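> Following this message is one structure expressed as C-alpha cells.
The values are calculated or read from the model by the stated rules, or taken from the named source; none is laboratory data. A quick note: this is a predicted structure, and the numbers were derived from the prediction, not measured. Cβ: placed from backbone, ideal geometry, glycine included. Neighbour counts: every protein chain shown. To get the accessible areas, we keep the full protein, side chains included, count just its heavy atoms, and leave off ligands, DNA and RNA. Shrake-Rupley method; radii C 1.70, N 1.55, O 1.52, S 1.80 Å.
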Amino acid sequence: MTASTEHVASVEIAHEARTERVPPGSADAPVLRVVPGDVVRVAALLGRDPQLARASAFGALAGGASLVGLVGTRDGRTFVERAELLREAHPDLVVALAPDRRDVDGVAELAEALHFGCAHQHPLPHILVAGDVRARDRIAASCPANPIESLPDVRTAAGREALVARLRAVRRRAQGDVVLRDEALEAAARAMAADAKADVVVLDVTGGATSVIHARLDGAVLGVHERLGVGAAADRLVARAGLDRVRRWIPRAVEAPALLERVFNRARWPDAIPASVLALSLEMALAREAIAHALSDAERAGVPLEGAFAAPLVVLTGRLAQLPRAAQSLLVAIDAFGATGATLVSRAPGDALIAAGALAARGRAVKLPTIDAIAIVAEMWPPRSAIVRVKDASGVVEERVSRGSFLLVPTHGVVEIVLPGTTVRPRAEHLELGVVIDARGRPLAIPPRDAERIPTLARWHAALDVLPTETR
Amino acid sequence: MPWRYWRWSAEHPLPLGASERAAEGQEVHAGDVIAAGTTYGTPVRVAGARRIGVAPDDLGRVMRVPIGGEVERRTIIARTGRRFARAVSSPIAGRVIHQRADGDLYVAPIVGRWVVRSTLDGEVTRSDDACVTVEGSAWALQGVAAYGPDAVGEIALGVETPVDELQPSRIDVRMRDRILIGGARATAESITRAHACGVAAVVAGAAPAGGLRVVYGDDATASGATTGTEAPTVLCLIGFGTAPLPREVFAPLVSLVHARATVHTASARLFVFAPENAGDFAQSAPSLALSDDWLGARPMDEHLSLAGMTRFASEVEAEAFATDEGPVPVANVLAFDAPRTPRS
C-alpha cells in the first residue's frame, strides 16, 4: 500500500529477496517503498564528437542504467554488424546523439541499422534524440514505429539531468509509487552535507549495485550508480574485473576455481550471509572491486571526482556498513576509495538513513538518523618520516610515519590531529576505532605472488584488527 | 515443488536473417525446425527508389524481388514498366535484406545458414523476425542456470545415486543425443567428454564454475549463457561446485529414462515429454542450504528447527536453523523452487 508522503507511516526498503520496514509498523499502515529499480538497458547512437561516448556513459552511470551498446557513425562497423550488435543488446531505450549538423546522415544510417536489428523487439525501444531537428526527422523516418522523444544536449548538465530523469522513470516502470534506492541515497547525501556544512561522499554497496555519491555544500549532488555488487551482481563484477583482481584482496591462499564457485553461488543465492571468515573476506574483496570499478568507470566517463576525493566526510551504507566489525567497513573504504586528505569515515548500518533519504527525496523535512563515526583517516605520502600528533581525552600520542606505514591510533573522547605540512586540524567528537594513518601510497601496491601478497595483506588487516581468528 | 506438469511457454530468439518461420497456430514437436535463415557478410548499399525515379513508399510496388529474397549477381531487383525502363540490379549474389527510409536497398552476401528448433511439443503462439514462441504441456524442472545451445534428446542416467559425481569414464558414444543426468556434480572433464561423444546435454545438481568459464569463456556468469550450436549444453539444477540432488528430484528422473526431453537454455528448464499421469512426480522437495563458505549447496532435513540468533565464525549474527552439522543461517536456506534472482 502506498500513499502521499504526508501520510506515510513507514518506509519499506527492498533488498535482494527480503524487505525491511523503518520503523517497523503495521502492514496496513501507509508505506513508501524504496526499490533498486528495474535494469534498464541503454544503447547509444553517436555522432562524430568523441565527447558523446563519454557523455552517454556519464548519463547512464548517473541514471543507474546499463550501457549495453555503443554504435558510432565512425566506428568502422558494417550495417549488418551494427544491427547484430543492437539486436543482441536488446535495448530498452536508445539515445541518439547528433549535435553536429554533419551527423545527420550518419545517425540516420545508424537508425536504419537499429530498425533492421530491433524492428520486432517487444516492446520497441523508445528513442531519445539529442540533436538537430533534421536528425530527429530522419530517425523518425527510419524507425517509424519507435516512440521518439527529444532531449537536450547530454554534454550539458541540463541534458544529463533530463536523461537521468528519463532513465529513472523507466527504472520505476510497473512498480507504482516508489523511490529508487539511488534517489534516496542522493537525497540523504544532500541532507547530510547541509547538516554537516561540508562536502559528503556516500559509498553504498549492495548485492546488486554500487553507488558513489558526492554531495556538495552548495546542494549539488553527483551520483554514480553501477550495477556491480557483492551479491546478485558479484558474478558480473568478476566477469568485468577478472577473478585475480578480486582474489588479490583475500589475505590467504585461495584457489581460483573454488573462489569462482563461491562467487557464482552467492550470485544465485539472494541475501546469503557470509557465515565463514573466508566468505566474509570474499564479500569484502568484492566490495573493494565494486567501488574501484564504479570509480574507474566514472573517471572514464569524465565524471569530475577530485571534489569527492577531497570531501572531509565519507559515509558507508548498504552491505558495506553491515559488516560485523567497523574495521572491516573501514578497511574496504580506505582500500577502494583513495581520499586525498584527512577524512572522517562513518557508517550507517541498517536502513534508517535510506528511509530518511526516501522521505527527503519526496520533499519531506526529515531528521537524519545518527551515524557511527568509525575513524579519521589521514592519507599521506611523506617524502621523509614525519610526526603525526593525535590528541584525545587520554592525552597526546605522537606517531612517526614513513612511506608504507599503516597504523591505527585508538582514541577516547574528543580527537584532534596535527598533520605535518598542513594547518588543517581534523577533529571529531567520538570515534569508534580512532585515527588511521595510511601512508601506503596510491595506487596500492599489492604484490602479485602469494608469498609476498599474503603477509602484506595480513599486516594491513592486523593493523586494524579486521578479521576474527578462525576456530574451525 | 521442483517437478511440475504445466502448460509452458518457450521463447526462441532468432538471429538476424530469418528466411522461414513456423506460422502462428502451427503445431510443432520438440526438435522440429521452427525457423531457418542465413548469416550475412558485408552488405552493399544499392540506389533504389531514386535510381528508378519513384517515391520510397512506392518502391515496393515495382520490386521484383521482395525484401528477404535471394538474388544472383545482376538480378533485377526493381524495375519501372515504362517504355524506357529503369532498373535496379543486384551487384552481388546474396539477399536483399533491407529497404531504407530513403528508398535505397541493402544487399548482403550469404556466408552461412542457421536453424532454430523447438524445445516444446505444442503450438506456435508468436512468430516474427525476432522470436518464435511455442506453448505446450510437459513435465519441467527449473534449474538455476543453463549454458550452451538448446538441446533435444532422450533422458539417460550417468550416475547411480543423486550424490554421485558424473565420471568421464561413464560416458561413451552410445550416449549420443541423450540428455545425461549427472548427480551432485558434472566435472569439466565429463562435460567436454560428453560433448565429444555427441551427448545432447548434461544435467546435474552443480557444475564447476571454473570449468564453465573454460568452456564458455570468461564472460560466462552465474545467470547462464546461450551460445551457438558448437558448444555443449549444461543445466545446473541447484548451483555451482557440488550440490547433491534431493531424492524427490532424482527419483522422477530415474522413472523418466528414455523419455523425450529438451533443455531450454534461456529459461534454464528441463522439459520432459511424458503424460501427466506418468508418475507421482510433483512432490515437494526439501529446502536447500548454501554451505557456510559458499562452496556448494545441499538438501536439508525435512523438519527444520530454529536455533535463534546465532553468532557465526565470521561474527555475523543472524537467525539460524539447527542442523546436525551445526547452525545454518536462515537466509542461506531456500526452497528448491524459490526465485534465485533478486527483485527489482
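> Test each condition in (1) touching a strand residue (DSSP E or B) at 6+ places or on another chain (Cβ under 7 Å); (2) at pLDDT 95 or above; (3) within 12 Å of another protein chain (Cβ to nearest Cβ) for B:P327 and report the one that comes out false.
Checking B:P327 against (1) touching a strand residue (DSSP E or B) at 6+ places or on another chain (Cβ under 7 Å); (2) at pLDDT 95 or above; (3) within 12 Å of another protein chain (Cβ to nearest Cβ), the one that fails is (2).
> Mind checking whether some residue in the range A:333-351 is of a type in the set (A, V, I, L, M, F, W, C), in contact with a strand residue (DSSP E or B) (Cβ under 7 Å, 6 or more places away or on another chain), part of a helix (DSSP H, G or I) and within 24 Å of A:S10 (Cβ to Cβ)? Don't jump to the end; show me each part of the working.
Within the range A:333-351, the first condition is being of a type in the set (A, V, I, L, M, F, W, C), and the residues that meet it are A:333-334, A:336-337, A:339, A:342, A:344-345, A:348.
If we keep only those that are in contact with a strand residue (DSSP E or B) (Cβ under 7 Å, 6 or more places away or on another chain) too, we end up with A:333-334, A:337, A:339, A:342, A:344-345, A:348.
Filter once more, so that each one left must be part of a helix (DSSP H, G or I): A:333-334.
After this cut, where a residue has to be within 24 Å of A:S10 (Cβ to Cβ) as well, the list is none.
No: the range A:333-351 contains no residue that is of a type in the set (A, V, I, L, M, F, W, C), in contact with a strand residue (DSSP E or B) (Cβ under 7 Å, 6 or more places away or on another chain), part of a helix (DSSP H, G or I) and within 24 Å of A:S10 (Cβ to Cβ).
> Which of the following residues is free of Cβ contacts under 8 Å to residues at least 60 places away in the same chain, under 22 Å from A:V314 (Cβ atoms) and open to solvent by less than 60 Å² (accessible area, probe 1.4 Å): A:A428, A:A463?
Answer to the check: A:A463.
> I'm checking my understanding of the structure. Among residues of the range B:225-248 that are closer than 21 Å to B:L14 by Cα and open to solvent by 30 Å² or more (accessible area, probe 1.4 Å), which one is nearest to the other protein chains (Cβ to nearest Cβ)?
B:T226
> With (1) within 12 Å of chain B (Cβ to nearest Cβ); (2) more than 28 Å from A:A360 (Cβ to Cβ) as the list, and A:V35 as the residue in question, which single condition is left unmet?
Status for A:V35: all satisfied but (2).
> Further question: For the range B:122-138, does any single residue satisfy the condition of being out of contact with any helix residue (DSSP H, G or I) (no Cβ under 7 Å at 6 or more places or on another chain), modelled with pLDDT of 95 or more and closer than 30 Å to B:E189 by Cβ?
There is no residue in the range B:122-138 that is out of contact with any helix residue (DSSP H, G or I) (no Cβ under 7 Å at 6 or more places or on another chain), modelled with pLDDT of 95 or more and closer than 30 Å to B:E189 by Cβ.
> Here's something else I'd like to know. Applying the selection to the range B:98-108, what residues are assigned to a strand (DSSP E or B) and more than 7 Å from chain A (Cβ to nearest Cβ)? Let's see the steps before the verdict.
First, pick out the residues of the range B:98-108 that are assigned to a strand (DSSP E or B): B:98-99, B:105-108.
Listed by number, the residues that qualify are B:Q99, B:L105, B:V107.
> Additional query: Kindly list, by first and then second residue, each pair from a residue in the range B:21-46 that is within 13 Å of chain A (Cβ to nearest Cβ) and in contact (Cβ under 8 Å) with a residue 60 or more places away in the chain to a residue that is buried (at least 16 other Cβ atoms within 10 Å of the Cβ) and among the charged types (D, E, K, R), limited to pairs with Cβ atoms under 6 Å and residues at least 6 apart or on different chains.
The qualifying pairs are B:A35/B:R21; B:R45/B:D104.
> Now, a different point. Please indicate, with yes or no, whether at least one residue in the range A:208-222 is touching a strand residue (DSSP E or B) at 6+ places or on another chain (Cβ under 7 Å) and either part of a loop (DSSP other than H, G, I, E, B) or within 14 Å of another protein chain (Cβ to nearest Cβ) (or both).
Within the range A:208-222, the first condition is being touching a strand residue (DSSP E or B) at 6+ places or on another chain (Cβ under 7 Å), and the residues that meet it are A:209-215, A:221-222.
Okay, now just the ones that are also either part of a loop (DSSP other than H, G, I, E, B) or within 14 Å of another protein chain (Cβ to nearest Cβ) (or both), so A:209.
Yes - at least one qualifying residue is present in the range A:208-222.
> Considering the range A:47-99 alone, what residues qualify as being under 30 Å from the mean Cα position of the chain (by Cα), within 14 Å of chain B (Cβ to nearest Cβ), open to solvent by 10 Å² or more (accessible area, probe 1.4 Å) and of a type outside the set (A, V, I, L, M, F, W, C)?
Scanning the range A:47-99 gives A:S66, A:R87, A:E88, A:H90, A:D92.
> Counting only residues that are within 7 Å of chain B (Cβ to nearest Cβ), under 21 Å from the mean Cα position of the chain (by Cα) and either surrounded by fewer than 24 Cβ atoms within 10 Å (Cβ to Cβ) or touching a residue at least 40 places away in the same chain (Cβ under 8 Å) (or both), how many does the range A:247-271 have?
The qualifying residues number 2.
> Separate question: Scan the range A:6-17 and report the pairs whose first residue is touching a residue at least 60 places away in the same chain (Cβ under 8 Å) and more than 18 Å from A:A209 (Cβ to Cβ) and whose second residue is of a type in the set (D, E) and in a loop (DSSP other than H, G, I, E, B), with Cβ atoms within less than 9 Å and a gap of 6+ or a chain change.
What qualifies is A:V11/A:D351.
Residue by residue, here is whether (1) among the aromatic types (F, W, Y); (2) part of a loop (DSSP other than H, G, I, E, B); (3) crowded, with 19+ Cβ neighbours inside 10 Å; (4) modelled with pLDDT of 95 or more holds:
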{"site": "A:P443", "(1), (2), (3), (4)": "no, yes, no, no"}
{"site": "A:A451", "(1), (2), (3), (4)": "no, no, no, yes"}
{"site": "A:L457", "(1), (2), (3), (4)": "no, no, yes, yes"}
{"site": "A:T471", "(1), (2), (3), (4)": "no, yes, no, no"}
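> From A:D297, A:D244, which residue is acidic (D, E), over 22 Å from B:R340 (Cα atoms) and away from every other protein chain (no Cβ under 13 Å)?
Numbers: A:D244 fails: away from every other protein chain (no Cβ under 13 Å).
Just one listed residue meets the conditions, A:D297.
> Here's a follow-up. Would you kindly identify the strands (runs of 3 or more DSSP E) lying entirely within the range B:267-337 that contain at least 2 residues that are open to solvent by 60 Å² or more (accessible area, probe 1.4 Å)? Working first, answer last.
On the way: elements: B:269-273, B:288-290, B:297-299, B:305-311, B:317-322.
Where strands (runs of 3 or more DSSP E) fall fully within the range B:267-337 and carry at least 2 residues being open to solvent by 60 Å² or more (accessible area, probe 1.4 Å), they are B:305-311, B:317-322.
> Still on this model: What are the residues in the range A:293-314 that are within 22 Å of A:G208 (Cβ to Cβ) and of a type in the set (D, E), if any?
Selection gives A:D297 alone.
> Could you list, in sequence order, the residues of the range B:125-164 that are part of a strand (DSSP E or B) and within 14 Å of chain A (Cβ to nearest Cβ)? Show your work before the answer.
First, pick out the residues of the range B:125-164 that are part of a strand (DSSP E or B): B:125-127, B:131-142, B:145-147, B:151-157.
Residues satisfying the conditions are B:T125, B:R126, B:S127, B:C131, B:V132, B:T133, B:Q142, B:A145, B:A146, B:Y147.
> Right, another one. Just to be sure I understand, how many residues within the range B:177-224 are open to solvent by 10 Å² or more (accessible area, probe 1.4 Å), out of contact with any Ser or Thr (no Cβ under 8 Å at 6 or more places or on another chain) and part of a strand (DSSP E or B)?
Of the residues in that region, 1 qualify.
> Filter the range A:304-317 for residues that are open to solvent by 10 Å² or more (accessible area, probe 1.4 Å) and outside any helix (DSSP H, G or I); which is nearest to A:A373 (Cα to Cα)? Spell out how you get there, then give the answer.
Keep residues of the range A:304-317 that are open to solvent by 10 Å² or more (accessible area, probe 1.4 Å), which gives A:304-307, A:309-310, A:312-313.
Checking the rest, the ones that are also outside any helix (DSSP H, G or I) come to A:304-305, A:310, A:312-313.
On the way: A:P304: 26, A:L305: 23, A:A310: 18, A:P312: 12, A:L313: 10 Å.
So the residue we want is A:L313.
> For the range B:159-176, how many residues meet the condition of being open to solvent by 70 Å² or more (accessible area, probe 1.4 Å) and either free of Cβ contacts under 8 Å to residues at least 60 places away in the same chain or β-branched (V, I, T) (or both)? Talk me through it step by step, then tell me what you get.
Initial filter on the range B:159-176 (open to solvent by 70 Å² or more (accessible area, probe 1.4 Å)): B:160, B:163, B:165, B:167, B:169-170, B:173-174, B:176.
Adding the requirement that they be either free of Cβ contacts under 8 Å to residues at least 60 places away in the same chain or β-branched (V, I, T) (or both) leaves B:160, B:163, B:167, B:169-170, B:173-174, B:176.
Count: 8.
> OK, next. If you take just the helices (runs of 4 or more DSSP H) that sit entirely in the range A:100-196, which of them hold at least 3 residues that are within 14 Å of another protein chain (Cβ to nearest Cβ), under 12 Å from A:L45 (Cβ atoms) and in contact with a helix residue (DSSP H, G or I) (Cβ under 7 Å, 6 or more places away or on another chain)? If you could, list the steps in order and put the result at the bottom.
Values: elements: A:104-118, A:133-142, A:157-171, A:181-196.
Here the list reads A:104-118, A:133-142.
> Testing A:V201 on (1) over 27 Å from A:R362 (Cβ atoms); (2) within 25 Å of the chain's Cα centre (by Cα); (3) β-branched (V, I, T), one condition comes back false. Which one is that?
(1)
> For the range B:173-221, which residues satisfy the criterion of being of a type in the set (S, T, N, Q) and either under 19 Å from the mean Cα position of the chain (by Cα) or over 23 Å from B:L141 (Cβ atoms) (or both)? Explain how you work it out, then say what you get.
Step one: list which residues in the range B:173-221 are of a type in the set (S, T, N, Q), which gives B:187, B:190, B:192, B:221.
Scanning the range B:173-221 gives B:T192, B:T221.
> Taking into account only those residues within the range A:1-30 that are part of a loop (DSSP other than H, G, I, E, B) and of a type in the set (A, V, I, L, M, F, W, C), which is modelled with the highest pLDDT?
Taking the range A:1-30 first, the residues part of a loop (DSSP other than H, G, I, E, B) are A:1-4, A:8-9, A:15-18, A:23-30.
This time we only want the ones that are of a type in the set (A, V, I, L, M, F, W, C), so: A:1, A:3, A:8-9, A:17, A:27, A:29.
Values: A:M1: 45, A:A3: 49, A:V8: 82, A:A9: 82, A:A17: 87, A:A27: 67, A:A29: 78.
Going through the qualifying residues, I end up with A:A17.
> Quick one: in the range B:47-73, which of the residues that are part of a helix (DSSP H, G or I) and more than 15 Å from A:E112 (Cβ to Cβ) is nearest to the other protein chains (Cβ to nearest Cβ)? Give the derivation first.
Going through the range B:47-73, the residues part of a helix (DSSP H, G or I) turn out to be B:49-52, B:56-62.
Applying the additional criterion that residues be more than 15 Å from A:E112 (Cβ to Cβ) yields B:50-52, B:57-58, B:60-62.
On the way: B:R50: 15, B:R51: 18, B:I52: 20, B:D57: 11, B:D58: 15, B:G60: 14, B:R61: 18, B:V62: 20 Å.
Checking each candidate, the answer is B:D57.
> Any idea which residue in the range A:124-149 is modelled with the lowest pLDDT, counting only those that are farther than 17 Å from A:P91 by Cα and among the charged types (D, E, K, R)?
Per the stated criteria, the residue is A:D132.
> Which members of the range A:99-123 meet the condition of being under 30 Å from B:E11 (Cα atoms) and of a type in the set (G, A, S)?
Within the range A:99-123, A:A111, A:A113, A:G117, A:A119 qualify.
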